[in-house]
Amino acid sequence: MPCGIVCVTVCCAAVKGRYNRIVRVGVYLFAAMSWVSTVGYTMFPLTAAGLSGQFQDVMHLIVTAAVVLLSSASLTLIAYGGLRQKSCPALGKWALFALCLMIAGAVGTAVLPHAYFGIPERFSVFACSGFTAVLGIFQSRGWERQEVL
């Protein structure tokens, strides 16, 4: 977790002036999502009773709603802005791929039986973690290079 936070924070600083405003706002929202996720879930883990109406459980749900909204908005903006900018559409394609994985995870949790809830949920979690790695690779290799990934 700490390495992912450092990665997205550095990417926020590095993306300035390199992409269009849509992509930059998307990266900033993605960083905000990473911070909210790391700090929020650390402060408010789900209790053993699980959604029992306790303050900690309510805060966990609020953090979850914020993470879902921020991750969806950020990946949508990065995908749209990245595909729109001709100098490096690869970032937009990776964001679109991560967004599709997140949607597949959400659909899977609704479709599969409750006993298998954790499997499709991992699609969403790993999509965000994977996209953090993609941002780090783009940062380390150069944002505008087409052959980055």
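FYI, it's all coordinate maths here, none of it is from the lab. In this text the structure is predicted, and so the values were computed from the model without any measurement. All Cβ positions, even for glycine, are placed from backbone atoms using ideal geometry, and neighbour counts span all protein chains on display.
Applied to segment 6-23, the Karplus parametrisation 6.51 cos²θ - 1.76 cosθ + 1.60 on θ = phi - 60° returns per-residue 3J(HN,Hα) values of 4, 4, 5, 5, 5, 5, 4, 6, 7, 6, 4, x, 9, 10, 5, 4, 4, 5 Hz, with x for Gly and Pro.
Listed values for segment 64-80 are Karplus-derived 3J(HN,Hα) couplings in whole Hz (6.51 cos²θ - 1.76 cosθ + 1.60, θ = phi - 60°), namely 4, 4, 5, 5, 5, 5, 5, 5, 5, 5, 5, 5, 5, 5, 5, 5, 5, and x replaces Gly and Pro. In the chain, the longest principal axis of the Cα atoms and the axis of helix 89-111 are about 20 degrees apart. The radius of gyration of the Cα set in the chain, together with its Dmax, comes out at 16.1, 50 angstrom. Highest GNM mean-square fluctuation, the chain, Cα pairs closer than 10 Å: which of LEU112, LEU135, LEU91? It is LEU112.
Of interest is the spacing of the C-alpha centroids, which for segment 79-127 and segment 1-55 amounts to 16 Å. Dipole size of the chain about its Cα centre, with +1 on Lys/Arg Cβ and -1 on Asp/Glu Cβ: approximately 660 debye, rounded to the nearest 20.
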